[in-house]
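Taking it in order: structure first as structure tokens, then the write-up.
Taken together, the values in this text are just the output of simple stated rules run on the coordinates, not laboratory data. Remember, it's a predicted structure, so these values are computed and weren't measured experimentally. Don't worry about glycine lacking a Cβ; one is built from the backbone with ideal geometry, like all the others, and counts go over all protein chains shown.
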Amino acid sequence: MKIGILGGGQLGRMLLQAGANYIMETWVLENDEHCPAAHLCHHFVKGDITDFDTVYQFGKGLDAITIEIESVNVDALEKLESEGVKVYPKPSAIRIIKNKVTQKAFYRSHEIPTPDFVITENAADLARQVHFLPAVHKIGQGGYDGKGVQVLENSHDLSKGFDAPSVLEKKVDIKKEIALIVAMSDTGEIVIYPPAEMVVDPLLNLLDYQLSPAILPEKTAWKAEAIAIKLVQALKSPGLFAIELFIDQQDEVWVNETAPRVHNSGHHTIEANYSSQYDMLLRIILGYPLGNPDPILPSAIVNIIGAEGHTGAAVYNGLAEVLQMDNVFVHLYGKTLTKPGRKMGHVTILHKDYQDLTFKANRIKHLLKVTS
Ligand code: ADP
């Protein structure tokens, strides 16, 4: 099969790594020819994933297309789909998710639990919603890694809000943040990975450290799984989806957001689960039976993030020490330039004992620094 990926970042890179186990010919569309996925595909095409003609021309001769980022030209994907190219997930699902305004409206109309919200069109509109605070303002399109999200505690914070169509969502008193990966085949068969739980760095607002399977009361885990499955069924699309959820202080479960693709919360599945999220998506695209999402062992992920105050050619300090640790798997994404907060790689740790995972995760965070 001829398979194309829109976007050439680390997610595309890891998808291609898994793809090397199967018989397929791969294409990547991405503007940056030095991107992490560029040298792992058979055919690299330099171009803009948001441009209609570029995406359409890229996809025309292919059997199937998938995405590693949702800011793609959905109109072109719809045209390709109508001409017989298989698109994972369906463009209709990408369109719903791509904009946080339509994504939240979708949850509401399908009775999927999500924090209460109002839509604000611009700054003046936001100012009229001061009674809705404390809340979290989220820009409809173009936000990522916390950059399109502002916590508004009271009227003094209104100036931090977005002057563009956005979601104003009630602030949740979060006990835990978890993510669940769900995969659905062309025939509607579904598998679900155990939830992962994360701790967010309040300074960078990037995923800091993650454990999987999450430590949750059985009832809470069941609730989260039921919500995630309902959500994917409502999207009516084969593919792989990562659903981020909040557990509040009362153990209620709320959907934060969904990614219609392989996701950073599933990196550990490469070593920690029988079938990784990447392998699972490829099985769906290739029409193979779904894999086994069960964990082999509990795991932790530590992201390798560009250090503050360093911009330039990347230097990986402490790598030798980390590589000497048992059951530790290092993934560097091959980005030549580092800058503060940039995702440069990740480390997965496997162990049956959560104390060992936490200990090693902290040690790796302390040892491994990306400087310039
Ligand atoms: P992004 O798409 O940039 O990852 P998210 O919508 O996931 O943005 O928000 C980033 C973080 O902000 C979340 O992981 C969570 O910690 C916090 N957050 C988002 N929405 C809420 C909310 N309604 N209440 C409390 N905290 C929130």
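Which of the trypsin sites (Lys or Arg not before Pro) across the stretch 113-182 are loop residues per DSSP, with 10 or fewer other Cβ within 10 Å? Mind showing how you got there, number by number?
Values: sites: Arg128, Lys138, Lys147, Lys160, Lys170, Lys171, Lys175, Lys176; in loops: Arg128, Lys147, Lys171.
Filter output for the stretch 113-182: Arg128.
Quickly rank 312-320, 119-127 as a protection proxy: mean count of other C-beta atoms within 10 Å, highest first. Walk me through the numbers on the way to the answer.
Details: 312-320: 14.2, 119-127: 16.0.
Answer by packing, highest mean first, reads 119-127, 312-320.
If we count every other residue with Cβ under 14 angstrom of His110's Cβ, Lys/Arg +1 and Asp/Glu -1, where does the sum land?
Summing Lys/Arg as +1 and Asp/Glu as -1 gives +3.
For the chain, give me the percentage of DSSP beta bridges that are antiparallel, rounded to the nearest 5 percent.
Of the beta bridges lying entirely in the chain, close to 80 percent run antiparallel.
Given the rule -39500 (n - 2.57) for each run of at least 4 DSSP H residues, summed and divided by the residues of the chain, what is its mean residue ellipticity at 222 nm, to the nearest 500 deg cm²/dmol? Each step should come with its number before you reach the end.
On the way: 11 runs with 101 residues, N = 372.
Value at 222 nm, helices only, nearest 500: -7500 deg cm²/dmol.
Multiplying the sequence separation of Leu337 and Val199 by 0.36 nm and subtracting their Cα-Cα distance, what value in nm do you get?
47.1 nm
What's the lysine pair count for the stretch 14-173 at a Cα cut-off below 14 Å, pairs eight or more apart or interchain?
14
Going by a ≥ b ≥ c, the root eigenvalues of the Cα gyration tensor, does the stretch 59-107 fall in the rounded group (a/c under 1.5), the prolate group (a/b larger than b/c) or the oblate group? Provide the component values of the computation, followed by the final result.
Working: a/c = 2.63, a/b = 2.23, b/c = 1.18.
Here the stretch 59-107 falls in the prolate category.
What net charge do the residues around Ile243 carry, taking every other residue with its C-beta under 11 Å from that of Ile243, with Lys and Arg at +1 and Asp and Glu at -1?
-2
Between Ile119 and Glu321, how many nm apart are label points set 7 Å from Cα along the C-beta direction?
Result: 5.2 nm between the two label points.
With the cut-off at 1.5 for a/c, could you classify the stretch 175-314 from its C-alpha gyration tensor as rounded, prolate or oblate?
Oblate shape, in that a/c is at least 1.5 and b/c is the bigger or equal ratio.
In debye, nearest 20, what is the charge dipole magnitude of the chain about its Cα centre with +1 on Lys and Arg Cβ and -1 on Asp and Glu Cβ, if you could check?
On the way: 35 positive and 45 negative charges, 37 e Å.
Charge dipole of the chain: 180 debye, to the nearest 20.
Compute the Cα gyration tensor for the chain, then decide on rounded, prolate or oblate, letting a ≥ b ≥ c be the square roots of its eigenvalues: rounded whenever a/c is under 1.5, prolate when a/b is larger than b/c in the other cases, and oblate in all that remain. Can you show the working numbers first?
Values: a/c = 1.28, a/b = 1.07, b/c = 1.20.
Rounded is the answer for the chain, as its axis ratio a/c remains below 1.5.
State which helices in the chain qualify, where a helix is a whole DSSP H run, it must extend 18 Å or more along its own axis by its Cα atoms, and its mean Kyte-Doolittle hydropathy must be at least -0.5.
Details: long enough: 218-235 (26 Å, 0.33); 354-367 (19 Å, -0.81).
For the chain, where a helix must reach 18 Å along its axis and average at least -0.5, the hits are 218-235.
What's the tally of Lys pairs in the stretch 213-372 whose alpha-carbon atoms lie under 21 angstrom apart, where the two lysines are 8 or more places apart or on different chains?
For the stretch 213-372, the number of qualifying lysine pairs is 13.
Projected area of the stretch 235-356, taken from the Cα convex hull and averaged over every viewing direction, in nm²?
Mean projected area of the Cα convex hull: 10.6 nm².
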